[in-house]
Amino acid sequence: MSLQTDLIGLLGTDRVLASGLDRYLYGKDAGVYRGEVTVVALPETTEEVAEIVRIAARHGVPVVPRGAGTGLAGGAVPLGGGVVVATTRMNQIFEIDAANRCAWVGPGVINLDLSRAAEPYGLHFAPDPSSQSACTIGGNVANNSGGPHCLAEGSTVNHVLGLEVVLADGDVLVVGGKAPDPIGLDLRGILVGSEGTLGIVTKALVRLTPNPPDVRTLLITFDSVEDAAATVSGVIAAGLVPAALEMMDQRMTQAVENWLGAGLPTDAAAILLAEVTGDTPAVEAEADVIRAVATEHRAREIRLARDEAERALLWKGRKSAFGAVAQAAPDYYLHDTVVPRTKLVETMREVYEIGERYGLTMMNVFHAGDGNLHPLMMFDASEPGALERVHAAADELVELCVRNGGVLSGEHGIGKEKRDLMHLMFTPVDLDAQARIKEAFDPEGRFNPEKVLPAGSRCFDFGRPIPEGAWI
Amino acid sequence: MSVADAFRSFTRASAELAAVVPPAETVLAPSGVDELAAVMQAASDVRARVLVWGGGTHQGIGHRVAPDIVVSTSAFDRVVAWEPDDLTLVVEAGAKVDTVEAMLADRGQTAALPEWGGPATVGGIVAAAISGYRRLRYGPTRDRLLEVTIVTGDGRVVRGGGRVVKNVTGYDLPRLVAGSFGSLGVVVSVCFKLWPLSGGSATVAVDDPVRAAETLFRPVALLETPDGAYAYLAGTEAEVRSEAERVGGAVTEGFVWPDPPSGETVWSLRVPPALVPDGIGRLPAGWSFVAEHGVGHIRCAGRFDPEAVAELRGWAEEMGGAFVLEDADDDRIYETVDPWGTPPTGLTLQRRLMAAFDPAHVLVPGRLPGGR
């Protein structure tokens, strides 16, 4: 029987997609890469996922898990054909346990839907990627997603208490739970951020965070990007970890303002969006610290959001920035790298230099508080050679960040995009160790092949004989 | 080649250290990463059983290991990089928790490591995934671990993670190493995410810690001992004052931490956070304890009573938790009770992961759940 027939036998014709259009649509995520899909499966239960994995194994084809496809690094783009397992229909919230501040959810639950469901209990799911109205918890787990409020709250990995996962042999494993510190090796941490290369998450137990009693949101205007970046470093150095500390440069502010009309200062070189949360005396004191540091760094204007409506508008501007840029050029390439916060000023200067050198308009909107840069390069993909130029500039950006003590990705993942840049951060021995982790989970390389680790990672060898009776 | 011969050329540990570790053929204190790597290669070659030793404060956790050699990290005690303005610290594994925290406190920062440090080392705390009392606010130790460098069972030097606060670049090796008890490798150095210490802090007596957990926004800790319950608050002075008034009770400035409980046996009871009051009620009479409300952890100690222990463990495991032996006056207790309890599911996968880092299975053999 064919792969497709087997899958239809399991899921019925409705939940197996193999038309030309479907295979085209699922061949891509929100980034620039396109892959090749054999067939798309839409499971609704853990058992179905397990059976899909077994069917794929029988047919010797890869399995590529996929959430909402909002990723940008090509993590959900199948590179060698195979079954795309889209978990979007596994969107059930099984339990909200307010007493223990956690929830068991399906991987297809949309990030914002979870926070909305938790709202009556005064709780929310802290990771808040800009794509939160579309992206799924499963995708968040796969990419260890972040968002503006990860500065104080941490990324997805800090909010995953347990996982149910289908392994390469079709077995279902549950790791972690509501009690702290599960015994044995902590497999939760290695599964979060593994980009679908180790298993398929079929349920997640996530931590829910209490909504803050009070909040202050400040919009701070600067005449230079350097002053804004120095304010970010200065706030952290002053011993304050705000709930969020976001930066937008002038080009980005103009694009957002053009679209949203939120009253953003379009003549400012950079703006900072700073938010502090907590009890009223705390947020007032912390807002004062931010004001003082910003003033010291020549802030031109410091505006406090008067009410929830104004606060919501400012955040809408920030979170929809990537939509607003469509007016600037037909295509954009959004990057994601991290530098130590103390290196922000010099790194930003070089980011613009790289843009100029490659003749690319560079727009910036990013999580400045944790040094997580998101340079956007605007281009027109129909122009010959444009995408190649973008890729070359992107690689240079990564090299710059690593040179400044940073890492390849802060929240988007490695996927295909940065796979071949892993050597910038890791030695062959480091990469070999990572490849051995992959092998321990997925000996046949069934899950999301050719992602995260560059080809040839598993080749480091001391050239020594393996001791007799060794575990291999 | 005999075990003694294989390790003849390596740096011995001090006689003081050799006197406190379990009996072993050789007690080594490699002077650097290269020597440590050579030690581990030799260990894999001759299949010598290795016990890794930091400060020895959490060696009571897990099945007993009868080692051929003990490897101390005492020579690895330097601060590699401290960037106060980045709130990150890279420190070698053998550095003492107390020394590190005192250094950080001078600049108003903390790694939120356990408050009862004593001789505990950073590497030991990471390897045992021990979190301090401030976990309710700052998260468990594994949440603050950004980068780790280990020497594997076969002598490879492997680094994972990175020195920035946000990172998804390859598999999260630091989190796998946290709580691995030396089974994947000897921790050589780690990078922690730091937190600024607040200007104001107070310890406030509370009548009802469960209510306090609901009322307070992000307390540093909510601890209960047989002597009473306390909320630990931090923030600006105005904030601490207003929060303290809200929960009532006598206020002491600063943090007054309870001593960890001690007794014939010391245990870690782990249950869903809301079950902490229930857990306290189930402790055998006369046991001392420090319960962490909001976290789901009760460290408790007292006379060893196999029946009471079995009952408590049965309940904890039924609730999805665990009841783990952390220390015992007499090693024979480990023969009468499994220190971990029921092993987790997925042991085969756990063993494959260990084999990936320690193919000859020489690192702390048998220490982890399931006797691996």
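Readers should treat all values here as calculations from the given coordinates under stated rules, not as data from a laboratory. Here the structure is a predicted model, which is why all the values come from computation and not from measurement. For neighbour counting, all protein chains shown are included, and Cβ atoms are generated from backbone atoms with ideal geometry for every residue, glycine included.
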Cα centroid separation, the stretch B:55-127 to the stretch A:306-328 (Å): 44
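What does the average come to when, for each residue of peptide A:127-140, you count the partner chain Cβ atoms lying within 10 Å of its Cβ?
Details: counts 0, 0, 0, 0, 0, 0, 0, 0, 0, 0, 0, 0, 0, 0.
Partner Cβ neighbours, averaged per residue: 0.
Packing-wise, with mean Cβ within 10 Å as the measure, how do A:198-211, A:66-79 rank, highest first?
Averaged packing, sorted descending, gives the order A:66-79, A:198-211.
Order the peptides A:2-11, A:369-378 from the highest to the lowest mean number of other Cβ atoms within 10 Å of their residues. Don't jump to the answer; show the numbers that get you there.
Working: A:2-11: 17.1, A:369-378: 26.5.
In decreasing order of mean packing, A:2-11, A:369-378 become A:369-378, A:2-11.
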Cut-off under 5 Å, modelled amide H: who pairs with A:Gly81 long-range: A:Glu36
On Cα atoms only, tilt of A:308-319 relative to the major axis of chain A in degrees: 60
Nearest 10 degrees, 0 to 90: helix A:386-403 Cα axis against chain A principal axis: 80
Pairwise centroid distance, computed over Cα atoms, of the stretch A:202-279 with the stretch B:258-326, Å: 43
Sum of -39500 (n - 2.57) over DSSP H runs of 4+, divided by residues of chain A (222 nm, nearest 500): -10000 deg cm²/dmol
Estimated 222 nm signal from helices in chain B, with DSSP H stretches of n ≥ 4 weighted -39500 (n - 2.57), rounded to 500: -7500 deg cm²/dmol
Crossing angle, helix A:46-59 versus chain A [Cα axis fit, 0-90 degrees, rounded to tens]: 60
Candidates per GluC sites (Glu not before Pro) in the stretch B:285-325, loop by DSSP, up to 12 other Cβ within 10 Å: none
Most mobile listed residue (B:Tyr171, B:Tyr230, B:Tyr334) in chain B, GNM with C-alpha springs under 10 Å: B:Tyr171
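Take peptide A:401-408, look around each residue's Cβ out to 10 angstrom, count Cβ atoms belonging to other protein chains, and average those counts. Numbers along the way, then the final one.
Values: counts 1, 2, 0, 1, 7, 6, 11, 5.
Across the residues of A:401-408, the mean count of other-chain Cβ atoms within 10 Å is 4.
Taking each residue in A:278-287, count the Cβ atoms of any other chain within 10 Å of its Cβ, then average. What number comes out? Spell out each step's value before the answer.
Working: counts 6, 11, 3, 9, 10, 2, 3, 7, 3, 0.
Per residue, the average neighbour count from other chains is 5.
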